[in-house]
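The values are calculated or read from the model by the stated rules, or taken from the named source; none is laboratory data. These numbers were taken from a predicted model, which means no experiment stands behind them. A quick note on method: Cβ atoms are made from the backbone with ideal geometry, for glycine too, and the neighbour counts reach across all protein chains shown. Note: accessible area is taken over every heavy atom of the protein model, side chains too, but ligands, DNA and RNA are not part of it. Shrake-Rupley method; radii C 1.70, N 1.55, O 1.52, S 1.80 Å.
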Amino acid sequence: MALRIEEYAMIGDCETAALVGRDGSIDWLCWPRFDSAACFAALLGKPENGRWLIAPKAAPLETTRRYRPGTLILETDFRTESGSVTVIDFMPPIDDASDLVRLVVGRTGRVTLQTELVIRFDYGATVPWVTRAEDGVIDAIAGPERLVLRTPAALHGEDLKTVGEFEVGAGEAIPFVLSHGPSFDRPPPPIDPFDALERTQAFWRGWSDRCPKVGPYTETVKRSLITLKALTYHRTGGIVAAATTSLPEDLGGTRNWDYRFCWLRDATFTLLALMNLGYYDEARAWRDWLLRAVAGSPRQVQIMYGVAGERRLPEWIVPWLPGYEGSSPVRIGNDAAQQLQIDVFGEVADAMFQALKAGLAPPKRANAIRREFLEHLAATWRQPDEGIWEVRGGRQHFVHSKLMAWVAFDRAADDIETKIFDEDGRRWRSIADEIHAEICERGFDRELNSFVQAFGSSRLDASLLLIPLVGFLPADHPRVRGTVEAIEERLLIDDEFVLRYETDRGLDGLPPGEGAFLACSFWLVDNYLLQGRYRDARRLFERLLARCNDVGLLAEEFDPRARRMLGNFPQAYSHVGLINSALNLARSEGPAEERAQAHERHVAADAGGRAPSD
């Protein structure tokens with residue numbers, strides 16, 4: 001029986017990540033990058049599609065786990081009738097090598113354990129040649145890929161697997177080190193696993209200890225921050241949306257997407273989370289990745305890129321994997337990369353603006369890129385697009401897309417940018433005012449007393465919660481209050497979970513049904529705060545924190561009916577939302593106020609049509 005998504009934990013080395021189950025099985029690992037082909041793909045199939053199990057031979061009486069404080073080192077305790085052991089899992093970060101280390105440490109008594117290593121390259125399809133050297137090193141090769149296993153435990157081949165049994169007593173430790181390298185080079189060199197443990201702990205503690213206090217949420221924020229760091233490809237600064245592909249948004253359904261890429265829509269909130277916690281090097285690296293990725297003609301800007309800025313992310317289906325709990329198809333790549341989403345121009349513009357406001361000096365080509373983007377957007381903002389949710393049911397005039405176009409011109413007209421780039425912002429202000437008036441005229445339904453998903457529509461959309469967060473209208477404006485009330489009535493489930501939109505109405509070209517997108521619930525927390533509903537904000541935030549799994553991780557979505565996580569895991573955007581909401585609750589001025597208040601002077605009620613008084 002498949003583990004629930006929340007029963008997994010992540011380990012990683014800032015280049016890739018693995019998912020470790022509570023049962024001691026590593027069921028997902030792509031090597032050497034996040035978006036490489038998986039060599040362990042049991043998560044989306046069966047054990048024969050690749051996994052690495054280390055666990056007691058007899059069913060444990062109790063299993064508990066935790067991360068070592070301030071690190072990405074996972075410790076899983078198994079208590080059995082004969083004794084107890086701890087399996088310590090980690091990947092040494094930012095190293096010349098690419099290794100996965102598992103240490104089996106005896107705590108009490110003597111415990112018999114079993115290990116089963118099933119290597120299947122190319123997403124669970126390719127069985128490697130496996131050889132054993134005289135020193136016991138196991139070498140698995142197929143095509144360009146190679147994995148090397150070093151351990152003192154006695155292992156043997158059986159049914160295209162590497163298996164073994166061994167005993168561990170109190171105070172004893174048996175290491176296993178799996179290393180990745182190209183098949184056409186020499187095998188990756190051995191490492192000292194115990195020294196690697198110390199170095200890995202020192203790296204993560206040295207990094208995470210810089211996290212400032214965030215009131216009662218410090219440790220929760222730190223865990224989310226470590227998760228963001230682990231999802232960052234350190235060579236480029238790109239942050240992937242999640243470590244996995246095709247974990248379903250609806251169990252048994254077809255809403256299964258590859259999230260091992262970097263989305264522009266995540267840019268500003270991620271940047272604010274990093275900068276507000278003092279991690280300016282990471283914020284700068286993310287900003288610079290963003291600028292490199294979008295370099296070139298603005299007509300060719302995509303909504304997502306590979307971790308190094310790759311543009312071709314063709315989508316294909318893996319026919320031999322049945323999918324998580326039978327949720328098919330399993331998709332590799334993402335065709336949404338070719339969609340038109342006008343909102344990404346606003347995200348890039350706001351990310352650049354927030355970086356400037358925080359004192360990050362603009363790169364040399366920043367002004368040239370900025371002007372090309374603005375000129376292109378001035379000519380295209382009136383077009384329909386696929387919108388923030390990447391619908392596959394046809395283009396519409398989505399209000400959120402127009403909103404983010406307004407953000408681009410609003411920021412360009414701000415005094416900060418006009419002074420730094422030595423220009424008159426009146427043209428950009430004029431375009432911003434035009435967009436503002438059109439949204440207020442065509443994007444608001446007076447009968448619903450709410451903004452709507454698209455011009456001429458009566459549907460609601462959680463992205464409308466961003467209207468006050470980006471400073472389009474004040475949070476206490478009657479139209480904003482009406483929109484929040486409408487979302488509470490139609491999209492809020494159990495006073496906790498906010499749906500992205502109403503999927504049963506055929507908007508996105510997919511079968512109906514999905515879980516609640518967790519980031520949207522954090523947006524509602526921020527709206528409550530901006531409206532002065534502090535008790536509601538804190539209550540909702542605390543309930544969302546309770547949805548983290550036992551090691552503090554969140555997936556993309558949560559199913560309120562089945563009470564379980566859905567979607568790719570762990571999800572960067574969920575953790576970004578958690579960080580920013582925690583900062584908003586703990587500080588007198590958090591990211592929500594910071595992003596919104598600087599622009600409210602441009603939406604005063606007496607500014608022709610820009611902030612209708614109703």
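Please list the non-local residues whose amide H lies under 5 Å from the amide H of Ala17, H modeled 1.01 Å from N, same-chain partners needing a gap of 5 or more.
Hits under the 5 Å cutoff: Cys30.
Under the Karplus relation 6.51 cos²θ - 1.76 cosθ + 1.60, θ = phi - 60°, what is the ordered set of whole-Hz ³J(HN,Hα) values for the stretch 586-592, x standing for Gly and Pro?
Here the 3J(HN,Hα) series is 8, 10, 5, 9, x, x, 5 Hz.
If I take R0 = 25 Å and measure r between the Cβ atoms of Ile420 and Arg292 in this structure, what FRET efficiency does the formula 1/(1 + (r/R0)^6) give, to the nearest 0.05?
0.75
Taking Lys57 as the anchor, which lysines have their alpha carbon closer than 23 Å to its alpha carbon, excluding any fewer than eight residues away along the same chain?
Within the straight-line limit of under 23 Å, Lys57 reaches these lysines: Lys46, Lys161.
At a 1.4 Å probe radius, carbon and sulfur cover how many percent of the accessible area of the chain?
49 percent
Rounded to the nearest 10 Å², what accessible area does Lys57 show when all protein chains are kept and the probe is 1.4 Å?
In the full protein context, Lys57 sits at about 110 Å².
How far apart, in nm, are two points set 7 Å out from the Cα along the Cα-to-Cβ line at Ala154 and at Met1?
3.5 nm
Could you check the simple spin-label distance between Arg311 and Asp281, using points 7 Å along Cα→Cβ, in nm with one decimal?
The two pseudo-label positions are separated by 3.2 nm.
Could you check the spin-label model distance between Glu489 and Thr64? Points 7 Å from the Cα along Cα→Cβ, value in nm.
According to this spin-label approximation, the distance is 4.8 nm.
Setting aside same-chain residues fewer than 8 positions from Lys357, which lysines have a Cα under 21 Å from its Cα?
Result set, ordered by chain and number: Lys419.
Whole-Hz ³J(HN,Hα) for each residue in the stretch 11-18, computed from phi via Karplus 6.51 cos²θ - 1.76 cosθ + 1.60 with θ = phi - 60°, x for glycine and proline: what do you get?
10, x, 10, 6, 9, 8, 8, 10
Could you list which residues have their amide H under 5 Å from that of Ile26, counting only those 5 or more apart in sequence or on another chain, with H placed in the peptide plane?
For Ile26, the qualifying residues are Gly21, Trp52, Leu53, Ile54.
Rounding to the nearest 10 and keeping the result within 0 to 90°, find how far the Cα-based axis of helix 193-208 lies from the longest principal axis of the chain.
The angle comes out at about 20 degrees.
Give me the percent relative contact order of the chain, please, defined on Cα pairs under 8 angstrom at least 6 residues apart.
Dividing the mean separation by the residue count of the chain yields 12 percent.
To the nearest µm²/s, what D does Stokes-Einstein give for the chain at 37 °C and 0.692 mPa s, using the Kirkwood radius over alpha carbon pairs as Rh?
In µm²/s, the coefficient is 131.
State to the nearest 20 debye the size of the charge dipole of the stretch 44-138 about its Cα centre, where the only charges are +1 on K and R beta carbons and -1 on D and E beta carbons.
Dipole magnitude for the stretch 44-138 comes out near 420 debye.
Provide the per residue accessible area, probe 1.4 Å, for the chain, rounded to a whole number of square angstrom.
36 Å²
Given 0.36 nm per residue, what is the gain on full extension from Ala170 to Ser588 after removing their alpha carbon distance, in nm?
Length difference between fully extended and current span is 145.4 nm.
Helix-only mean residue ellipticity at 222 nm, the chain, DSSP H runs n ≥ 4 weighted -39,500 (n - 2.57), per residue, nearest 500. What is it?
On the way: 16 runs with 188 residues, N = 614.
Estimated from H runs of four or more residues: -9500 deg cm²/dmol.
Which net charge results when you count Lys and Arg as +1 and Asp and Glu as -1 among the other residues whose beta-carbon is under 12 Å from that of Ser327? All intermediate terms of the calculation are to be shown ahead of the outcome.
Details: positive: Arg255, Arg331; negative: Glu249, Asp250, Glu325, Glu514.
In short, -2.
What whole-number volume per residue, in cubic angstrom, does the convex hull of the C-alpha atoms of the stretch 231-297 give?
For the stretch 231-297, the hull spanned by Cα atoms encloses 106 Å³ per residue.
List every residue whose amide H lies under 5 Å from the amide H of Thr126, counting only residues 5 or more places away in sequence or on a different chain, with H placed 1.01 Å from N in the peptide plane.
Here the answer is Phe121, since their amide H atoms fall under 5 Å of that of Thr126.
Can you give me the C-alpha center-to-center distance between the stretch 441-481 and the stretch 184-260, rounded to a whole angstrom?
36 Å
Please give the helix 478-490 orientation as an angle from the longest Cα principal axis of the chain, in degrees from 0 to 90, rounded to the nearest 10.
40 degrees
Give a residue-ordered list of calculated ³J(HN,Hα) values for the stretch 210-219 (Karplus: 6.51 cos²θ - 1.76 cosθ + 1.60, θ = phi - 60°; whole Hz; x for Gly, Pro).
Result, ordered by residue: 6, 5, x, 5, 10, x, x, 9, 4, 5 Hz.
Tilt of helix 366-380 relative to the longest C-alpha principal axis of the chain, in degrees (0 to 90, nearest 10)?
So the inclination is approximately 60 degrees.
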